[in-house]
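Derivation of every value follows stated rules applied to the coordinates shown; laboratory data play no part. Source: prediction; values computed, not measured. Heads up, the Cβs are rebuilt from the backbone with ideal geometry, glycines too, and the neighbour counts pull from every protein chain shown.
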Amino acid sequence: MSLRLIEGGKSDPPAGTPGGPRSLAPGAPPSPGTLPLELAMLLRQGEALVWWNEKEAIAIRPVLAVAGICAAILALVTAFAPDFWLQGWETLWPPLAALFSPVLAVLVREAISLRLIIVTDGAILDVPRYGEHRRLGIDAIQRIRRDLWTGGVRLEGSGQRLRIPPTLADDARKAIASTRRALVRSRPVDDAIAWLPG
């Protein structure tokens, strides 16, 4: 028999993926790895972690797509009214600013959607990049709507509003589905988008 020394708090990663994604619960989607300690401290005693993931960077593709559309509109304006560019800068910048304002709106939406979502066996935690985290029990969800701020899903109940960005919404739904198998729902949920798994 031989013994080997392992570092505390670490486990062997799955074969072929050093520190890579791992499934933390049966039926749950893979999480990026072990939950960092500062986030694990948000869990309550005896609470089992099912899934977690983070939107940590602004997606450049939607920003470029909107900027491309704005540039195409500007090219059409230039083609049909070339004298548009003969105006002075003081009269030129307001229409240009109005035309490219959707790019700023997409950037703000991407910045607001930077957050980490944690699903446990009984609750969902929303940890935004800026601001306080929010917790909502899975059985306390009362309303589910599309979230205009992030483009994802908004969960409401018990005086809390959680925002799940679109890049994390599908995996969060699967994680909730893996916890709801044994959950008996006492009241119906106002789910206008049919997001919550049955």
Show me, for region 99-111, the HN-Hα J-couplings you get by feeding each phi into the Karplus relation (A = 6.51, B = -1.76, C = 1.60, θ = phi - 60°), rounded to Hz, glycine and proline as x.
5, 9, 5, x, 5, 5, 4, 5, 4, 5, 4, 5, 5
Looking at the chain only, what percent of DSSP beta bridges run antiparallel? Nearest 5 please.
95
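Taking the Cβ of E47 as the centre, find all other residues whose Cβ is under 15 Å away and add up their charges (Lys, Arg: +1; Asp, Glu: -1).
Numbers: positive: R44, R135; negative: D121, D139.
Residues near E47 contribute 0 overall.
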Place +1 on the Cβ of every Lys and Arg and -1 on the Cβ of every Asp and Glu in the chain, take the dipole about the Cα centre, and give the residue among A140, A111, G33 whose Cα lies farthest towards its positive end.
A140
Any idea which of G152, L64, Y130 is furthest toward the positive side of the dipole for the chain, if Lys and Arg beta-carbons carry +1 and Asp and Glu beta-carbons -1?
G152
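Across the chain, where is the longest run that never hits trypsin sites (Lys or Arg not before Pro) in a DSSP loop with at most 13 other C-beta atoms within 10 Å?
On the way: sites that count: R4, K10, R44, R129, R185.
Result for the longest clean stretch: 45-128.
Only Lys, Arg, Asp and Glu count, each charged at its Cβ (+1, +1, -1, -1), so figure out the dipole size of the chain about its Cα centre, rounded to 20 debye. Before the final figure, lay out the partial values.
Details: 23 positive and 19 negative charges, 131 e Å.
Charge dipole, the chain, about its Cα centre: 640 debye, nearest 20.
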Read phi for every residue in region 133-140 and hand back ³J(HN,Hα) as whole Hz from Karplus 6.51 cos²θ - 1.76 cosθ + 1.60, θ = phi - 60°, with x for Gly and Pro.
6, 10, 10, 9, x, 4, 7, 9
Over the chain, how many percent of alpha carbon pairs lie in each 10 Å bin up to the one with the longest distance?
8, 27, 26, 17, 12, 8, 2, 0, 0
For region 14-100, taking Cα atoms only, what is the radius of gyration to one decimal and the Dmax to the nearest whole Å?
24.8, 70
Give me, ordered by chain and number, the residues 5 or more places off V153 or on other chains with an amide H under 5 Å from its own placed amide H.
D147, I164
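Going by the alpha-carbon gyration tensor, a ≥ b ≥ c the square roots of its eigenvalues, is region 60-111 rounded (a/c under 1.5) or, if a/c is not under 1.5, prolate (a/b greater than b/c) versus oblate? Let's see the in-between values first.
On the way: a/c = 4.40, a/b = 1.80, b/c = 2.44.
Note, shape of region 60-111 comes out oblate.
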Tell me, what HN-Hα J-couplings in whole Hz come from the Karplus equation 6.51 cos²θ - 1.76 cosθ + 1.60 at θ = phi - 60° for each residue of region 144-160, using x for Gly and Pro?
10, 9, 5, 9, 6, 6, 10, x, x, 10, 10, 9, 10, x, 6, x, 10
Note the full-extension length gain between A71 and H133 as 0.36 nm times their separation in residues minus their Cα-Cα distance, in nm to one decimal.
18.5 nm
